[in-house]
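Worksheet for the structure shown next.
The values are calculated or read from the model by the stated rules, or taken from the named source; none is laboratory data. Please read these numbers as outputs of a predicted model, since none were measured by experiment. No Cβ is skipped: glycine too gets one built from the backbone with ideal geometry, and neighbour counts run over all protein chains shown. Side chains included, ligands, DNA and RNA excluded: accessible areas come from the protein's heavy atoms. Shrake-Rupley method; radii C 1.70, N 1.55, O 1.52, S 1.80 Å.
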Amino acid sequence: MTDFQPAFADGDLSDNESRAVMINGRKVLICRAGGALYAVENRCTHQEAELEGGRIRGCFISCPLHGVRFDLRDGSPMGQLTRVSLPTYEIRVVDGMIEVALDN
Ligand code: FES
């Protein structure tokens, strides 16, 4: 069964913003892009920088350190610095609270 964990209130995240949370000891980045919510691991697959605050355009977030762009829908990277996708997590809103499913 998928285990959804609460993160923070849906109203606390504006469009094209991201916020880091720790859920069950895992670094998760919650993003709102183009009005949709996404959850990915908050660790760049290039050199492990945190992605919080990275520029969001369309459904892509850019790593603040060297600028690799990741597709928030499936975590896949663009460009040559890394070929490793970000882990992505299921996300939903229940009663105004964002919840993320961690596969463990
Ligand atoms: S650490 Fe993210 S692009 Fe290098």
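Share of carbon and sulfur in the accessible area of the chain stands at 44%, probe radius 1.4 Å.
Count Lys and Arg as plus one, Asp and Glu as minus one, and take only other residues whose Cβ is under 15 Å from that of Arg57; the net charge is then +1. Going by accessible surface with a 1.4 Å probe and the largest first, Arg83, Arg73 read Arg83, Arg73. In whole percents, the pair-distance distribution calculated for the chain from its alpha-carbon pairs, binned every 5 Å from zero, is 2, 14, 26, 26, 18, 9, 3, 1, 0. Length gained on full extension, Ala9 to Ser76: 21.4 nm, using 0.36 nm per residue less the C-alpha separation. Largest accessible area first, the residues Val84, Val40 order themselves as Val84, Val40 under a 1.4 Å probe with ligands, DNA and RNA left out. Once you have the alpha carbon radius of gyration of segment 14-74, what is it after dividing by 2.2 N^0.38 Å, with N set to its residue count? Normalised Rg, Cα atoms only: 0.99. A 1.4 Å probe run over the protein chains yields, for the chain, 55 Å² of accessible area per residue, whole-number rounding.
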